[in-house]
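To keep things clear, I will list the structure first and then write my remarks on it.
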Amino acid sequence: MTKYIFVTGGVVSSVGKGIVTASVGRILKSRGLRVSILKLDPYINVDPGTMSPYQHGEVYVTDDGAETDLDLGHYERFLGVDLARSNSTSTGQVYEEVIRKERRGDFLGGTIQPIPHITNEIKRRIRAAGQAMGADIVLVEVGGTVGDMEGQPFLEAISQMRYAVPPEDTLSIHVTLLPYLGATKELKTKPTQHSVRELRSFGVQPDVIVTRSDFPVARALREKISLFCNVELDAVIALETAESIYEVPLYLEAAGMSGIIERHLALPAGRSDLEEWRSFVERLRSPKATVRIAVVGKYVELHDAYLSIKEALIHAGVDHHAGVDLHWVHSEDLETRTAEEVIGDVDGILLCPGFGDRGLEGKIAAVRYAREQLIPYLGDCLGMQMLVCEFARNVAGMPGANTTEADPRTPFPVISLLSEQRGVADLGGTMRLGGYPCRLVADTKAHAAYGGAPVVRERHRHRYEVNNALLPQLEKKGLIASGWSPDGRLVEIVELRDHPWMVGAQFHPEFTSRPNHPNPLFRGFIGAALEYSGRRQRAAAGSIA
Ligand code: GLN
């Protein structure tokens, strides 16, 4: 019998609802329960694949090739599982399905309405998320904030589900912000009260309220929320802004979260075991060294655009007992200032994924600097393609070499369109997406980073690819294709022979990184950056002596 936990948000968005959901998932999983998780996104886009990172942050990619909300990344990292297409749903998908059925004549002449047709499709998807994983508990997070017009069908569906089953089969968690008024130096509960009232107007009474605040919450304030919102006092959980998102499962558990859930859902008595998680957090808190990493991209103002990359760097750092000091660099800055000025003080350079031609020459400048100064470099998707272009231009004697995405008339198209992409007109969901095997070449840095594994599986999101016709000329000059698709058609990893650690991956290694299992390429990259930093410090000490 599957039970459901619904997580909604109030007052404002971006208060960490996704982290709370993922953390509750981690806690329940640590009690030996099978947990599935579903993100309901109220926007009308079918998926975020076509949205600008400025609008929506990173597009996360699942192994089965779905382009999803970045919260799926939190879920996978916190739960340590691989999720699938069925773990995320948008209003666009719900309507697309209902309209498809209507066109097929499935509704036998009926009038199609939000209730019951849209709500039925939402409920079907919620149940399917549980069935797909044989889950004991399905966590369902509703994107946006209670009161948003586009979220209403989701709340209605949740309300119907709650009325249809015994009370101990569902739980409602509401996550709200307690704003702080500087003038009176107090946290305010009124917006939370209004938000709960709004939620109740859909027939959904919260069982647990998690308040988010930048300051400690006095017991009297929790009592007030408990009284005005009809939630038991111990189920009003104050979550102060944590130093790291990885602390949140520990905070929530210390506040008694799993006991409250056990009581409400009538779960068999049990205990959570967050020891492995706690040891990760302890190492995160007490690094023995620090490396400074330049993260070069074109959406760096919004760190959420590169969320999984940021987390993967943290995971790899913790594995090496090192803190990672991120230096966000706008690729266009490298077009107006020298690399020495912008990234002269870093121990490693990570070049981000991207689309289009904005900032591309700045990216080439970053690659050149890493190559010439022997600074560890990790190229991520477009970052790998730029590694190839720069090498072609400045080492292999191919002036103007480029990707045909940026310059369709380049004399040396070292990166060009995948043959199956020629003629593709739709932009949504048509890239090479999801997990594919990659065969590693022996005696390469990539092979060593992956611990000698012959074949690995990583996730992709791209249209362009290394052009095999020009590869031999690059190989002659010291570029090594160290990872291939098993059929030998597609180059998946490249590296430089004459450089301590310069590697580029056509896939996105960040999507498979987990707190206690960093992605091997990220781990190798941070390891090389630590060595580089050590050499730099010794050289500096030597020159002072
Ligand atoms: N724009 C490039 C391509 O489509 C790289 C994509 C990416 O970095 N995710 O191949």
What list of ³J(HN,Hα) couplings, whole Hz, do you get for the range 435-444 from phi and the Karplus terms 6.51, -1.76, 1.60, once you set θ to phi - 60° and write x for glycine and proline? x, 9, x, 9, 8, 9, 8, 4, 6, 10
Once both axes come from the Cα atoms, what is the angle between helix 17-29 and the longest principal axis of the chain, in degrees from 0 to 90, rounded to 10? 80 degrees
Starting from the coordinates of the alpha-carbon atoms of the chain, obtain the Kirkwood hydrodynamic radius over all distinct pairs and give the value in Å to one decimal. 25.0 Å
More than 23 Å apart - percent of Cα-Cα pairs taken over the range 313-434: 38 percent
Pick out, in residue order, every one of the trypsin sites (Lys or Arg not before Pro) in the range 142-237 that is DSSP loop and has at most 10 other C-beta atoms within 10 Å; say none if there are none. 185
Could you tell me which residue out of 491, 259, 541 lies farthest along the dipole of the chain toward its positive end? Charges go on the beta carbon: Lys and Arg +1, Asp and Glu -1, centred on the Cα centre. 259
For a test of the definition: using alpha carbon positions, the gyration tensor, and the 1.5 limit on a/c, classify the range 149-288 as rounded, prolate or oblate. oblate
Using a 1.4 Å probe on the protein heavy atoms, what percent of the accessible area of the chain belongs to carbon and sulfur? 52 percent
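Do you know the relative contact order of the range 192-305, to the nearest whole percent, from alpha carbon pairs under 8 angstrom that are 6+ apart?
Normalised by residue count, the contact order of the range 192-305 is 19 percent.
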P(r) for the range 495-537, please, calculated from all Cα pair distances in 10 Å bins and given in %. 26, 47, 26, 2
Which order, highest average first, do 144-153, 468-477 follow once you tally other Cβ atoms within 10 Å for each residue and take the mean per peptide? 144-153, 468-477
Provide, as a two-decimal number, the C-alpha radius of gyration of the range 29-152 over 2.2 N^0.38 Å, N being how many residues it has. 1.11
Mind putting a number on the dipole of the chain about its Cα centre? Charges go on the C-beta only, +1 for Lys and Arg and -1 for Asp and Glu, and I need it in Debye to the nearest 20. 500 debye
Using just the helices of the chain, give the 222 nm mean residue ellipticity in deg cm²/dmol: DSSP H runs with n ≥ 4 each add -39,500 (n - 2.57), and the total is spread over all residues, rounded to 500. -11000 deg cm²/dmol
I need the fraction of alpha carbon pairs in the range 1-101 separated by more than 25 Å, rounded to a whole percent. 20 percent
Neighbourhood charge, 12 Å Cβ-Cβ cut-off, centred on residue 350 and excluding it, Lys, Arg +1 and Asp, Glu -1: 0
Roughly how large, in nm² to one decimal, is the mean projection of the convex hull of the alpha-carbon atoms in the range 94-163? 5.7 nm²
Please give me, ordered by residue number, the GluC sites (Glu not before Pro) of the range 206-294 that lie in loop per DSSP and have at most 14 other Cβ atoms within 10 Å. 232, 243
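Taking only protein heavy atoms into account and a 1.4 Å probe, give the accessible area per residue of the chain in Å².
41 Å²
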Rounding to the nearest 10 and keeping the result within 0 to 90°, find how far the Cα-based axis of helix 360-373 lies from the longest principal axis of the chain. 60 degrees
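The values are calculated or read from the model by the stated rules, or taken from the named source; none is laboratory data. Nothing here was measured: the structure is a model prediction, and the numbers come from that model. As a convention, Cβ positions derive from the backbone with ideal geometry for all residues, glycine included, and neighbour counts pool all protein chains shown. For the accessible areas, the whole protein counts, side chains as well, though only heavy atoms, and no ligand, DNA or RNA atoms are used. Shrake-Rupley method; radii C 1.70, N 1.55, O 1.52, S 1.80 Å.
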